[in-house]
């Protein structure tokens, strides 16, 4: 449908070699976008780029550790050199190496989580914004989490940083709206990805989690990718500053 057509648009998707990021890249590519695949692993980036090309998607891959500003800048520059501009940026990469109370976290881990889960989004959006502002057109999507709205005694900093991302989305939407730039976030609940494997890779735990979800199942990566396409396309042209929770209804209980 023309409402969801992304033909000719250039989309960078971070953390796009697996899970939610890969699903978003694939679905945007299937409706015409040129997609930039990136992750910290050069091998994974190259592999997924080739896989998508075999599906007929125009894809370009480049390794990028979003926790390092110089690598973000290099990816932005390489994309513009290859395709001229960036129309869509999906900040999906995330990092959560510590489980436990906040008081048990080291300063090193704290700083790294802030850098990867929050500061990188500020770096990335600011690197892409100037050219979008000149064209008066652009879309940002930040993948946050249901954790932004539900406290956790074992994953507290991750949730706090996702709450900060929600605030960043609102702030940038207000500042950049006059340039016709839209920015929204997607907040997934429990999704069957490698990132969340510890929460679902056990039949007993999975049954308990699904019993608390109105749709009685955990999500799949594809349950988010369609909404990302909608927000990036003409279908979402009057939506900005919003966080859409995609959780099978679990936060309503």
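Based on C-alpha coordinates, I'd like the Rg and Dmax of the stretch 62-156, in Å.
15.6, 47
Which one of 62, 105, 132 has the biggest mean-square fluctuation once the chain is modelled by GNM with Cα springs under 10 Å?
105
Nearest 0.05, what FRET efficiency do residue 151 and residue 74 give at R0 = 51 Å with Cβ-Cβ as r?
E between residue 151 and residue 74, to the nearest 0.05, is 0.85.
Between residue 131 and residue 208, what is 0.36 nm times their sequence separation minus the Cα-Cα distance? Round to one decimal in nm. Numbers along the way, then the final one.
On the way: separation 77, 0.36 × 77 = 27.72 nm, distance 4.74 nm.
Answer, rounded to one decimal: 23.0 nm.
When only C-alpha pairs under 8 Å and at least 6 residues apart count, what is the relative contact order of the stretch 2-246, in percent? Each step should come with its number before you reach the end.
Values: 469 pairs, mean separation 50.5, N = 245.
21 percent.
Contact order normalised by length for the stretch 165-230, with contacts defined as Cα pairs under 8 Å and 6 or more residues apart; what percent is it?
Averaging sequence separation for qualifying contacts and normalising by length gives 27 percent for the stretch 165-230.
Measure nothing but the geometry: give the 0 to 90° angle between the long axis through the Cα atoms of 69-83 and the longest principal axis through the Cα atoms of the chain, rounded to 10°.
Once rounded, one gets 40 degrees.
Tell me, 20, 213 in order of fewest to most beta-carbon neighbours within 10 Å?
Numbers: 20 29, 213 19.
In order of increasing Cβ crowding within 10 Å: 213, 20.
Which of 56, 241, 156 ends up with the largest GNM mean-square fluctuation for the chain, with Cα atoms connected below 10 Å?
Of 56, 241, 156, the Gaussian network model singles out 56 as fluctuating most.
Count the DSSP beta bridges whose two residues both fall in the stretch 2-246, then state the antiparallel fraction as a percent rounded to the nearest 5.
Within the stretch 2-246, antiparallel bridges account for around 0 percent of the total.
Laboratory data are not the source of any read-out in this text; all were calculated from the coordinates shown. Bear in mind the structure is a predicted one, so any value in this text is a computation, not a measurement. Positions of Cβ are generated from backbone atoms using ideal geometry, with glycine treated the same way; all protein chains shown enter the neighbour counts.
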